[in-house]
1. Over 12 Å from the mean Cα position of the chain (by Cα), more than 9 Å from the ligand (Cβ to nearest atom), of a type in the set (Ser, Thr, Tyr) and within 22 Å of ASN162 (Cα to Cα): is that true of SER228 in this structure?
2. Could you grab the pairs with beta carbons closer than 8 Å, sequence gap of 6+ or different chains, first residue in the range 177-194 and more than 13 Å from the ligand (Cβ to nearest atom), second one open to solvent by less than 20 Å² (accessible area, probe 1.4 Å) and acidic (Asp, Glu)?
3. Do we find that ILE276 is in a strand (DSSP E or B), of a type outside the set (Gly, Ala, Ser) and within 14 Å of the ligand (Cβ to nearest atom) in this structure?
4. Residue by residue through the range 260-314, note down the ones that are open to solvent by 10 Å² or more (accessible area, probe 1.4 Å) and closer than 14 Å to SER218 by Cβ.
5. Show the residue pairs that are 6+ apart or on different chains and have beta-carbon atoms under 6 Å apart, the first residue being within the range 76-103 and under 22 Å from TRP29 (Cα atoms), the second being modelled with pLDDT under 95 and crowded, with 18+ Cβ neighbours inside 10 Å.
6. Scan the range 64-71 and give yes if some residue there is more than 14 Å from the ligand (Cβ to nearest atom), open to solvent by less than 70 Å² (accessible area, probe 1.4 Å) and modelled with pLDDT of 95 or more, otherwise no.
7. Could you check, for the range 242-255, whether at least one of its residues is more than 16 Å from the ligand (Cβ to nearest atom), hydrophobic (A, V, I, L, M, F, W, C) and in contact (Cβ under 8 Å) with a residue 24 or more places away in the chain?
8. Could you list, in sequence order, the residues of the range 124-150 that are out of contact with any strand residue (DSSP E or B) (no Cβ under 8 Å at 6 or more places or on another chain), at pLDDT below 90 and open to solvent by 50 Å² or more (accessible area, probe 1.4 Å)?
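The values are calculated or read from the model by the stated rules, or taken from the named source; none is laboratory data. Being a predicted model, the structure only gives us computed values, none of them experimental. So basically every Cβ, Gly included, is an ideal-geometry build from the backbone, and we count neighbours across all protein chains shown. Areas reflect the complete protein model, heavy atoms only, side chains present, ligands, DNA and RNA absent. Shrake-Rupley method; radii C 1.70, N 1.55, O 1.52, S 1.80 Å.
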Amino acid sequence: MFSKDGKAKDIATPRICDVVWHNGEFIKWNDARVHVMSHVLHYGSSIFEGIRCYSTKQGPAVFRLREHMQRFLNSAKIYRMDHPWTLDQLCDAVGELVRLSEMDHCYIRPILFRSLDEEHPAFGVNPFPNPLACYIGAWDWGKYLGDEAIERGVDVCVSTWNRLTPNSMPAMAKSGANYMNSQLIKMEALLNGFAEGIALDDRGYVSEGSGENIFLVSGDVVLTPPLSSSILPGITRDSVIQICHELGITVKERTIQRAALYVADELFFSGTAAEITPIRSVDRITVGKGGRGEVTAAIQKAFFEITKGERQPPGDWLTYVNSKKEANPGNNGYTPTTAEGTATEKEPALSYQTAARD
Ligand SMILES: Cc1ncc(COP(=O)(O)O)c(C=O)c1O
C-alpha cells in the first residue's frame with residue numbers, strides 16, 4: 001500500500017460530496033475555489049477540523065460533532081479569527097451537508113481561513129485586512145493508515161523532526177500551518193518505508209504522530225502523553241480515555257520517554273482519520289508480540305461498536321443527521337474528561353482545554 005518512494009497515493013477517495021457549505025449556503029464542489037494570492041496560501045492562516053460520520057442502523061451519525069466544532073471555535077479564537085459562526089450553526093451546517101451528500105458515512109472537513117479581498121487586496125503577513133472564509137466539505141475516506149492496519153497494525157519510526165514547541169506554534173490549535181511539521185514527519189517516515197512517524201516534543205519526550213495521538217500499554221495501565229507534550233487535544237484520545245474508564249482500565253496522562261515505546265506491551269494511535277490503529281513496530285523494534293494487543297483490541301472493539309451505534313457511548317457522542325433528536329442537549333456539547341475522571345464544568349478538562357499535568 002505504501003510505496004518505497006513515498007509518492008503513491010496511500011488512500012482511496014471513492015466519493016466526494018458535490019456540494020460544499022460556504023459562509024452559510026451550499027455551493028457546488030466545483031465552485032469552491034480561492035484566489036492564488038489568498039493570505040492562507042502564503043502564510044498558512046487556516047484552522048480546520050476532521051470529523052467522521054459513521055453508518056449506523058439509524059442512518060448516518062456524526063461522531064462527537066459538537067466537540068469537534070468546539071475545538072474549531074477554540075482554534076479560531078487562538079488565531080484571533082473573528083467570525084460570525086456559532087457552535088449550533090456550524091453543527092447544523094454539518095448535518096445538512098451530510099444529508100445533502102446522501103452518503104451513509106463520510107469524512108467531514110470544516111475550514112476557516114484568511115482569503116483575499118480582491119477589491120482591496122492586502123499581501124502582508126498582517127492577517128487582519130484579509131477577509132475570512134468558512135467552508136465545509138465531505139468525502140468518503142477509507143482507513144487512513146491502510147485497510148489492514150486496523151487489525152494487523154503499522155510499522156512506524158521515531159521522527160528526526162520534533163513537534164512544535166508550545167511558544168512557537170500552539171499544538172492545541174488545529175491550524176493548517178501546524179501540518180507543515182506533520183508533513184515533514186510523514187514524508188520522512190514514508191520515504192524510509194514506515195507508515196507513520198512519531199514526533200518527540202522539544203524536551204525529547206513522546207508527543208504524537210503526524211496526524212494521531214499515541215497510547216502506550218504497560219501491564220494493565222494505559223498511558224498517553226499530556227497536552228504539555230505539544231499534542232493536539234484529540235477527540236478520539238478523549239474518547240479512548242472515557243472508554244478506558246468504562247472498561248475499568250487504568251489510564252493516565254504521563255510524559256513518556258522514547259525508549260518506553262520500544263519496551264511497551266502494546267502501542268496504538270488514535271485519531272479521527274486513523275481511528276484506533278495498533279502499532280506493531282517502532283524503529284524496526286517489535287512492540288510486544290508484534291500485532292494488535294489484547295488491551296488495544298478491547299478498546300478498539302468498544303470504539304467501533306460505539307461508532308456503529310451498537311453500544312451505548314459514555315456521552316451523547318452520535319448526532320444522527322436524519323433524526324430530529326438534538327445532540328447533547330443543554331450542556332453545550334462537551335463534558336470534558338481527564339485521565340483521572342470526568343471534569344466538572346467549573347474545572348475544565350486537563351485532557352482537552354488546558355495544558356495538562358504530567
Ligand atoms: C497532529 C494530530 N494529532 C492528533 C490527532 C487526533 O485528533 P482527533 O482524535 O481529534 O482526530 C490529529 C487528527 O486530527 C492530528 O492531526
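1. Spelling it out, SER228 is indeed over 12 Å from the mean Cα position of the chain (by Cα), more than 9 Å from the ligand (Cβ to nearest atom), of a type in the set (Ser, Thr, Tyr) and within 22 Å of ASN162 (Cα to Cα).
2. Pairs that qualify, where the first residue is more than 13 Å from the ligand (Cβ to nearest atom) and the partner is open to solvent by less than 20 Å² (accessible area, probe 1.4 Å) and acidic (Asp, Glu), are ALA189/GLU196.
3. yes
4. ALA260, TYR262, VAL263, ASP265, GLU266, GLY288, GLY293, GLU294, VAL295
5. What qualifies is SER101/CYS17.
6. No: zero hits.
7. Taking every residue of the range 242-255 in turn, at least one turns out to be more than 16 Å from the ligand (Cβ to nearest atom), hydrophobic (A, V, I, L, M, F, W, C) and in contact (Cβ under 8 Å) with a residue 24 or more places away in the chain.
8. ASP147, GLU148
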